[in-house]
1. Counting Lys and Arg as +1 and Asp and Glu as -1, each charge on the Cβ, what is the dipole of the chain about the Cα centre in debye, to the nearest 20?
2. So, with +1 on the Cβ of K and R and -1 on the Cβ of D and E, and no other charges, what is the size of the charge dipole of the stretch 160-276 about its Cα centre, to the nearest 20 debye?
3. Could you tell me the center-to-center distance, by alpha carbons, between the stretch 175-250 and the stretch 54-116 in angstrom?
4. What number in nm² do you get for the stretch 31-142 if you take the convex hull of its Cα atoms and divide its surface by four?
5. Where in the stretch 84-114 does the label zone of residue 214 land, with the point 7 angstrom along Cα→C-beta and an amide N cut-off under 18 Å?
6. Give, as a single signed number, the net charge of other residues whose beta carbon lies under 10 Å from the beta carbon of residue 191, with Lys and Arg counted +1 and Asp and Glu -1.
7. Computed on alpha carbon atoms, what radius of gyration and Dmax characterise the stretch 45-84, expressed in Å?
8. With an 8 Å cut-off on Cα pairs and a minimum separation of 6 or more residues, tell me the relative contact order of the chain in percent.
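Every number here is computed from the coordinates shown, using simple stated rules; none is lab data. Keep in mind that this is a model prediction, so the values were computed, not measured. Here Cβ is always computed from backbone atoms with ideal geometry, including for glycine, and neighbour counts include all displayed protein chains.
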Amino acid sequence: MKYWLILSFVFIVSCSDIESIDSLLGKSKSLFSNTKMSQEDSLLKEALISEQYGDYKRSVDLYNKLITLYSSNNKYLLGKANNLRFDKRCKEALITYDIILAKIDNKNKDFLTVEEGKGLCYMQEGSFDLALDSFKRVISEDATRWRVINAIGVIFALTGHDNEAIEYYNLALSIEPNYIILNNLGLTHALNHQFSESINSFRKALEYSEHNNLVKKSITLNLALVYGLSGQISKAEEISRPFLSEEQLNNNVKIYERLAQDKKLTKSYIDKALKP
């Protein structure tokens, strides 16, 4: 019964990853524009596409092949580490991030990205102090890294410091307004039963996600959850219907009704949504 509601959360947790993958593919268009490409370029293209479609295990395997056949350069090691993290294999990801850190100093262009990845791994594992240590190293070098500022906000939300969380989300939004931050802001407002604020945040998030159908679906289902929690079941059904079968929709409605009566269970669901 819980599957479809959790599924909407799983999608939204990956929003930042989806955006970064799109960016990577965009930067690689010139590399892959020719019909003929080397085996190395072909493997890299496969790795990026596998990552885009959520096949992180295959992407890791392809990066391993690239590292073995061609080079253990930072680009391939970082691709491997990120996909291990996306695949929730954080112990392996942390080892790979540390291999990169052993080869570079804090002036290297990859340093901040590696530290950010380590921080997100620590967040997944619930090691929030270690995550904050990594994030502080990043923002001490670059205070405009909105992903890190957003992640610090998530840590505050997960540890019950919602006002501080909202301050960090707003700071991140002042740097780079986007659906990732607005989604987290909406979830945090929902934790406090601030339903009007939550609904407004999700609506704004939808404006930023209109060209990404996967993200649009995820945010819409999270918005439906908030309508359900606030007692607006018919509205929740209306906006969910285009994305769910009748059986799935009925399951979600039953869960909305249950969550509306159980604050502790609601918090556990939203906490799962906030974790990277």
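1. Details: 35 positive and 35 negative charges, 82 e Å.
It comes to approximately 400 debye.
2. Values: 13 positive and 14 negative charges, 52 e Å.
Rounded to the nearest 20 debye, it is 260 debye.
3. Comparing the Cα centres of the stretch 175-250 and the stretch 54-116, I get a distance of 33 Å.
4. Values: hull surface 29.9 nm².
Quarter of the Cα hull surface area: 7.5 nm².
5. 84-89
6. Details: positive: 263, 267; negative: 162, 271.
Here the count lands on 0.
7. My reading of the Cα-based Rg and Dmax gives 8.9, 25 Å.
8. Working: 329 pairs, mean separation 49.7, N = 276.
Once normalised by length, the contact order is 18 percent.
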